[in-house]
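Shown next, in structure tokens, is the structure this report addresses.
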């Protein structure tokens with residue numbers, strides 16, 4: 001690493017006070033004062049750890065961080081001249097928190113050894129003070145920057161418990177997936193190491209898809225959305241983790257409602273379904289056949305999307321109580337990013353609207369399923385829609401049809417031209433052309 005790069009890296013130091021102190025390290029290094037650079041570097045590292053532990057206490061009331069700081073304060077008060085607390089600080093931080101992994105801890109131990117040699121009058125066989133060479137000092141600086149100083153505060157090993165409690169309390173404000181993503185990433189994930197994220201994901205999987213106690217049921221939605229955020233950040237790591245623990249991830253609930261949540265999640269992450277054991281797949285496939293929610297989302301257990309399309313049409317036509325939510329329609333479009341699925345999706349919308357069993361239902365279904373999605377209708381799909389309208393008087397006789405069906409007419413003429421012959425569709429024509437006749 002070049003000296004210029006060292007300085008650039010130092011600009012990423014998380015804490016302002018640490019960054020100021022670190023300038024003395026760079027100054028000593030640039031001037032060839034390598035013993036001084038090492039001694040100051042150790043002091044900066046120790047201070048930075050203390051700042052991060054205090055941050056966790058101040059902002060999150062982190063009990064583990066507080067216990068470490070309290071013990072160090074006791075040691076300092078008992079012997080203010082001793083520096084033994086410094087090494088205990090990094091030992092406890094490594095053992096009790098996620099701030100330092102094994103390699104980072106080893107690097108700091110080596111730095112402490114070099115600091116000891118540089119700070120004390122330790123003479124070699126030639127009666128010379130120990131002097132670390134430039135390459136050693138540069139490596140120490142680089143390791144300390146990358147392992148510690150440029151990293152934001154991480155959480156202690158109670159992070160999962162803290163996160164679960166926090167998102168449960170904050171759930172009313174985190175009422176959209178986007179809000180959950182912004183909140184969890186800003187407050188937690190931006191400060192966590194990859195292995196900690198994976199550990200949280202593992203715990204959340206159990207709480208969302210296995211546990212059915214009162215607390216888990218109450219918080220299932222917010223926990224699921226948090227699980228989605230972590231899964232979307234590290235999809236490859238998640239798959240590798242599941243491959244290594246198939247039995248754990250296949251141990252899912254038999255509750256139809258809980259399985260509905262699992263099916264929704266797997267619809268967006270079908271590669272996970274392929275990794276599960278057969279006992280889990282049996283539960284999932286059964287749920288796809290028996291609950292409406294899983295029927296909507298369970299495309300990944302079918303041979304192809306055409307089969308899934310046919311199953312949804314059957315659901316629309318045969319279940320008089322069936323209704324899509326706005327969110328389900330939006331997500332249904334995103335099942336596959338292909339022209340073929342977009343085409344089938346438009347047919348689903350047309351069938352859903354034109355299966356309305358009353359004027360009020362037709363009014364709401366037009367606003368939720370037709371008007372927002374007319375932009376994705378192609379030539380064939382728009383003709384299919386007006387053909388289905390022709391078959392249901394609850395759709396074309398409703399009062400709002402005269403105004404709302406003009407949106408369909410505009411899309412129809414946009415795709416086919418104004419010369420399109422509406423005579424084969426007299427009921428639809430009557431709603432959109434009456435003023436012109």
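Brief remarks follow.
- Check on residue 410, more than 30 Å from residue 266 (Cβ to Cβ), assigned to a helix (DSSP H, G or I) and out of contact with any helix residue (DSSP H, G or I) (no Cβ under 7 Å at 6 or more places or on another chain): yes
- All conditions but one from (1) out of contact with any helix residue (DSSP H, G or I) (no Cβ under 9 Å at 6 or more places or on another chain); (2) closer than 26 Å to residue 327 by Cβ apply to residue 227; the one that does not is (1).
- Among (1) outside any helix (DSSP H, G or I); (2) within 25 Å of residue 186 (Cα to Cα); (3) modelled with pLDDT of 90 or more, the one test that residue 100 misses: (3)
- Residues of the stretch 61-90 that are assigned to a helix (DSSP H, G or I) and in contact with a strand residue (DSSP E or B) (Cβ under 9 Å, 6 or more places away or on another chain): 63, 64, 65, 68.
- Counting the residues of the stretch 172-193 that are farther than 27 Å from residue 20 by Cα and either at pLDDT below 85 or buried (at least 17 other Cβ atoms within 10 Å of the Cβ) (or both) gives 5.
- Residues that are within 21 Å of the chain's Cα centre (by Cα), in a loop (DSSP other than H, G, I, E, B), buried (at least 17 other Cβ atoms within 10 Å of the Cβ) and modelled with pLDDT under 95 do not occur anywhere in the stretch 316-329.
- Check on residue 356, in contact (Cβ under 8 Å) with a residue 24 or more places away in the chain, assigned to a helix (DSSP H, G or I) and either under 42 Å from the mean Cα position of the chain (by Cα) or surrounded by fewer than 16 Cβ atoms within 10 Å (Cβ to Cβ) (or both): no
- Residue 168 meets each of the listed conditions (1) under 26 Å from residue 216 (Cβ atoms); (2) buried (at least 16 other Cβ atoms within 10 Å of the Cβ) apart from (2).
- Residue match in the stretch 213-235 (condition: under 21 Å from the mean Cα position of the chain (by Cα), surrounded by fewer than 16 Cβ atoms within 10 Å (Cβ to Cβ) and assigned to a loop (DSSP other than H, G, I, E, B)): no
- Residues that are modelled with pLDDT under 90 and outside any loop (DSSP other than H, G, I, E, B) within the stretch 147-162 comprise 147, 156, 159, 160, 161, 162, listed in sequence order.
- Filtered residues of the stretch 51-69 (kept if closer than 13 Å to residue 148 by Cα and buried (at least 18 other Cβ atoms within 10 Å of the Cβ)): 52, 53
The values are calculated or read from the model by the stated rules, or taken from the named source; none is laboratory data. Treat the numbers as computed from the prediction; the structure is a model and nothing was measured. All Cβ positions, even for glycine, are placed from backbone atoms using ideal geometry, and neighbour counts span all protein chains on display.
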